[in-house]
Every structure is written in C-alpha cells, then in structure tokens.
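What follows draws every value from the coordinates through simple rules; no lab data is involved. All values derive from a computational prediction rather than experimental measurement. Ideal geometry is used to build each Cβ from the backbone, glycine not excepted, and the neighbour counts take in all protein chains shown.
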Amino acid sequence: MHKVTDSQVDFILNDIEERGVKTEDVRYNILDHVCCIIENEMDSDMNFKEFYRKTIARFYQKELGEIEEETQVLLKFKNFHAMKRTLKISGVISIILFISGIIFKTLHLPGAAVMILLGLVFFSLVFIPLNIVLKFQDDKEKSNRLIMTLGLLTASVASIGVLFKIMHWPMANILMFSSLLVFMVVFIPIYFIIKYKNPETKFNAIINTTFMLAAAGMMFALVRLRGPHPPQDNHQQQEQVESTNETTSTSDKNLRWEA
C-alpha cells in the first residue's frame with residue numbers, strides 16, 4: 001500500500017487544474033478520489049507518474065475538462081430552474097394582488113391601494129427583471145434579445161410610473177411619458193424592422209405593430225403632460241379675498257336699496 005506524499009498531492013492538484021478543472025470543490029473531490037485509488041491499488045515498486053496517468057484517465061472519455069463543463073451546466077440549470085420558479089411565483093402573486101385590489105376598490109373595501117401597490121412592486125421589480133435574465137439565457141438570437149430586453153425595460157418603467165401615480169409621488173408623469181415615448185419611437189420601429197425582414201413573421205409584424213401603435217396612442221392621450229397649476233402666493237390670495245368681500249358688500253347694499 002502506497003502512502004501519497006505532500007509533493008505528490010501538489011503534483012496531482014496542479015495537473016488537475018492544468019487539465020481544465022477550475023472549480024475548487026471539483027478539483028479537491030477529484031484529488032480525494034485519485035489519492036484513494038493510488039493508496040489502495042498502487043504497489044511500492046510502481047512508478048507514481050505512470051500509475052497516476054492511468055488513474056486519472058478513468059475520470060473522462062476525451063479530456064478531464066469535461067467534468068468542469070458538466071459541473072457548470074448543472075449549476076446553470078439549477079440557477080435557471082430556481083429563477084423560473086421565482087418568476088412563476090412572482091407572476092402569480094402579482095396577478096392575485098392586482099385582481100384582489102381591483103375587487104376591493106370596486107366594493108370600496110379597505111386595503112385596495114395596498115394590494116395594487118404590492119402587485120405593481122412584484123410586477124415591475126421582480127417579474128420583469130427575471131424575465132429579462134431568463135430571455136438572455138434561453139434565447140441565443142441577438143435580435144430577439146434586443147427586442148425582449150427593450151420591451152421589458154419599457155414595461156418596467158411604465159409600471160413604476162403607474163406606481164408613482166397611484167402613490168401621488170413626483171415624476172410619475174415623466175416616467176409614464178418617457179416610457180411611452182421610447183415604446184413608440186424606439187421599440188416599435190425596431191420590432192417592425194427585425195420582424196418584417198423575416199418572411200415567416202412579416203404578416204404578424206404588420207398586425208402587431210398596428211395594435212401596438214393604437215394602444216400606445218390611446219395611452220399617450222391619457223398622460224397628463226402639464227402639471228397642476230402653481231399655487232398662488234399669499235398676496236394674490238389676499239387680493240382675491242378682498243375682491244370677493246367688496247363684491248359681496250356691493251351686492252348687499254344694492255339689495256337693501258331695492259328693498
């Protein structure tokens with residue numbers, strides 16, 4: 001039974017890294033397995049490096065870097081699956097909160113504003129960003145990535161603008177107006193050009209672009225571009241009060257005179 005020395009351990013670890021295994025946990029797991037095989041199967045009269053090359057060859061078909069690639073695929077799949085699960089949960093929560101908030105608002109029940117607020121938060125800050133990340137991983141076509149990313153970002157800004165509008169926070173109109181402007185001037189032309197070039201999506205590009213332009217135009221008509229009238233200062237308010245008092249006094253005098 002052979003006892004693996006420290007220098008041999010360093011040699012094995014360096015060789016595993018040079019063969020393409022970069023993940024630390026994977027390297028040390030392979031090291032443990034190799035050392036166990038050497039200590040149990042290698043005789044004292046055998047050459048260490050030759051026996052090591054035969055031993056390490058058991059762990060791959062073409063090259064040791066295959067283990068690293070398989071590990072990264074598994075990690076990516078695990079993260080991808082977790083993000084998809086989170087995406088589904090956040091989408092369901094957003095829909096439930098939206099519908100419940102609308103029902104409560106229709107029935108004039110308390111808690112409607114809170115439900116709609118939370119629904120917008122989940123939709124704009126969780127659901128849409130996860131959608132962008134998953135589309136980048138799932139779709140390799142650059143044009144589709146560009147369309148989806150731009151569209152989802154525009155929708156996220158628009159939903160945040162609606163959230164600001166509901167909460168009566170400043171910048172709500174600016175967020176809604178800018179998102180609609182980007183949607184009409186940037187997203188729709190890019191979508192039309194990319195989809196129209198493809199013969200398979202040419203007809204759908206025309207129909208979808210028409211619908212999007214009509215919807216954006218109607219939403220644009222609802223956005224209030226001018227802010228509220230600025231409040232009058234104290235001097236103007238005092239002049240208005242005095243003018244009203246004078247008018248009232250004159251009316252009273254006329255009524256008494258007629259009487």
>> What does the C-alpha gyration tensor say about the overall shape of the stretch 110-186? Classify as rounded when a/c is under 1.5, otherwise prolate if a/b is larger than b/c, or oblate.
In response: oblate
> Between TYR28 and MET167, how many nm apart are label points set 7 Å from Cα along the C-beta direction?
Replying inline: 4.4
> For VAL92 and ASP6, what does the FRET efficiency come to when R0 = 45 Å and r is the distance between their Cβ atoms, rounded to the nearest 0.05?
Replying inline: 0.20
> Sorted from fewest to most neighbouring beta carbons within 10 Å, what does the list GLU17, GLU50 look like?
Replying inline: GLU50, GLU17
> If you rank LYS105, LYS202 by fewest surrounding Cβ atoms within 10 Å, what's the result?
Replying inline: LYS202, LYS105
> Is there a pair in LYS84/LYS165; LYS62/LYS142; LYS142/LYS197 whose C-alpha atoms are over 26 Å apart, and which pairs would that be?
Replying inline: LYS84/LYS165; LYS62/LYS142
> In nm, to one decimal, how far is the modelled label at ASN144 from the one at LEU107, with both set 7 Å along Cα→Cβ?
Replying inline: 4.3
> How big is the charge dipole of the stretch 139-225 about its Cα centre, in debye rounded to the nearest 20, if each Lys and Arg gets +1 on its Cβ and each Asp and Glu gets -1 on its Cβ?
Replying inline: 80
> Roughly what would the spin-label model give for ASN198 and VAL186, points 7 Å off Cα along C-beta, in nm?
Replying inline: 2.2
